[in-house]
1. For the structure I just gave you, tell me whether residue 5 is closer than 27 Å to residue 76 by Cα, modelled with pLDDT of 95 or more and surrounded by 11 or more Cβ atoms within 10 Å (Cβ to Cβ).
2. Scan segment 1-57 for residues that are part of a strand (DSSP E or B), touching a helix residue (DSSP H, G or I) at 6+ places or on another chain (Cβ under 6 Å) and within 18 Å of residue 113 (Cα to Cα) and jot them down.
3. If only one of 78, 118 is surrounded by fewer than 16 Cβ atoms within 10 Å (Cβ to Cβ) and modelled with pLDDT under 90, which one is it?
4. What is the one condition in (1) loosely packed, with under 10 Cβ neighbours inside 10 Å; (2) at pLDDT 95 or above that residue 40 does not satisfy?
5. Every residue in segment 49-69 that is in contact with a strand residue (DSSP E or B) (Cβ under 7 Å, 6 or more places away or on another chain) and surrounded by 12 or more Cβ atoms within 10 Å (Cβ to Cβ), please.
6. For residue 72, all conditions in the list (1) loosely packed, with under 10 Cβ neighbours inside 10 Å; (2) free of Cβ contacts under 8 Å to residues at least 60 places away in the same chain; (3) within 30 Å of residue 31 (Cα to Cα) hold save one; what is the number of the exception?
């Protein structure tokens with residue numbers, strides 16, 4: 001699996017960009033998965049539902065399945081948070097894994113940066129950021145891609161992965 005991260009501060013547009021990139025990648029015939037780092041107390045379950053009640057009763061894992069999808073919920077119960085590498089190993093095989101929210105991961109990343117939000121840029125301090133997507137022109141040494149051009153961003157990501165991973169299959 002080829003892995004590429006989307007990094008940036010909350011509110012910068014990471015999720016919206018990924019939401020626009022996925023149809024582009026799948027339209028090219030790629031199978032895409034996503035790993036998103038969330039806040040500590042996130043939950044995909046709802047109080048009162050059977051699966052929630054089973055977790056509350058102490059189950060370490062609850063797998064909910066139907067004819068449309070399945071979800072595995074795993075309670076850490078005080079164990080350390082798994083690393084990105086450990087989480088990637090849990091995924092089914094695919095062509096591309098997009099990673100959102102692991103700002104400090106040692107994977108190639110695109111920074112989503114909006115100067116108007118007032119946050120400092122991540123790229124000057126992160127050697128794994130290989131390009132910046134922004135709503136403004138920026139005087140930086142890295143490639144700067146327009147946030148309103150997801151197809152160009154998708155082209156860049158696939159081109160970067162092709163150029164930096166000779167064992168990977170060529171992008172479609």
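1. yes
2. Once the filter is applied, which keeps residues that are part of a strand (DSSP E or B), touching a helix residue (DSSP H, G or I) at 6+ places or on another chain (Cβ under 6 Å) and within 18 Å of residue 113 (Cα to Cα), segment 1-57 yields 4, 6.
3. 78
4. Answer for residue 40: the failing condition is (2).
5. Selection gives 51, 54, 55, 62, 64.
6. Checking residue 72 against (1) loosely packed, with under 10 Cβ neighbours inside 10 Å; (2) free of Cβ contacts under 8 Å to residues at least 60 places away in the same chain; (3) within 30 Å of residue 31 (Cα to Cα), the one that fails is (1).
Here is a yes/no grid of residues against (1) closer than 19 Å to residue 17 by Cβ; (2) touching a strand residue (DSSP E or B) at 6+ places or on another chain (Cβ under 9 Å); (3) surrounded by 18 or more Cβ atoms within 10 Å (Cβ to Cβ); (4) modelled with pLDDT under 95:
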| position | (1), (2), (3), (4) |
| --- | --- |
| 83 | no, no, no, yes |
| 98 | yes, yes, yes, no |
| 109 | yes, yes, yes, no |
| 114 | yes, yes, no, no |
| 128 | yes, yes, no, no |
| 136 | yes, yes, no, yes |
| 143 | yes, yes, no, no |
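Yes/no per residue for (1) without any contact (Cβ under 8 Å) to a residue 24 or more places away in the chain; (2) in contact with a helix residue (DSSP H, G or I) (Cβ under 7 Å, 6 or more places away or on another chain); (3) on the phi < 0 side of the Ramachandran plot; (4) part of a loop (DSSP other than H, G, I, E, B):
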{"residue": "111", "(1), (2), (3), (4)": "no, yes, yes, no"}
{"residue": "141", "(1), (2), (3), (4)": "yes, no, yes, yes"}
{"residue": "145", "(1), (2), (3), (4)": "no, yes, yes, no"}
{"residue": "157", "(1), (2), (3), (4)": "no, no, yes, no"}
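The values are calculated or read from the model by the stated rules, or taken from the named source; none is laboratory data. Computed from a predicted structure; not experimentally measured. Every residue, glycine as well, gets a Cβ built from its backbone with ideal geometry; the counts of neighbours run over all protein chains shown.
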